[in-house]
Amino acid sequence: MNSAPHSESRWEELQDKLQRALAEIARAAQRIGLSEREVDMVAALFANHLLMARTSRLRDLSVDTTIREFARAAAYEGRQIPETLREMDARLKSTLDALSQQRPTAEGRQR
């Protein structure tokens, strides 16, 4: 029995789900005011998260080649994921600080 057609259809189904999820992520990120570049960065982080989960399930993590291949694949604009996460974290903290300065106090004034 050949399972290739089933595997291919499953792969296409997963790709379709990924594309729908990425579109929803983009809509949500735009709603909260992220720039186009930031929306792309969030989408890349999400897609690489799935790659990381798949790699950890299906590949031997004790093999150096596996780690190198993942590190090469898990990049955004040529930067590794930890660097991208640090940048997103800094932007999020900056946004939250700005929002907290705009929040009304109990007396109705902004901080």
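Between SER7 and ASP40, what is the FRET efficiency for a Förster distance of 25 Å, r being their Cβ-Cβ separation, to the nearest 0.05?
Numbers: r = 30 Å, r/R0 = 1.20.
Once the sixth-power term is evaluated, E becomes 0.25.
Grab the Cα-Cα distance for LEU14 and ASP64, subtract it from 0.36 nm times how many residues apart they are, and report the gain in nm with one decimal. Don't skip to the end; give the middle numbers.
On the way: separation 50, 0.36 × 50 = 18.00 nm, distance 2.76 nm.
Difference between extended and current length: 15.2 nm.
Read-outs: derived from the displayed coordinates by stated rules, not from any lab. Everything numeric here is computed off the predicted structure, so don't read it as measured data. Cβ sites come from the backbone with ideal geometry, for glycine too, and all protein chains shown count toward neighbours.
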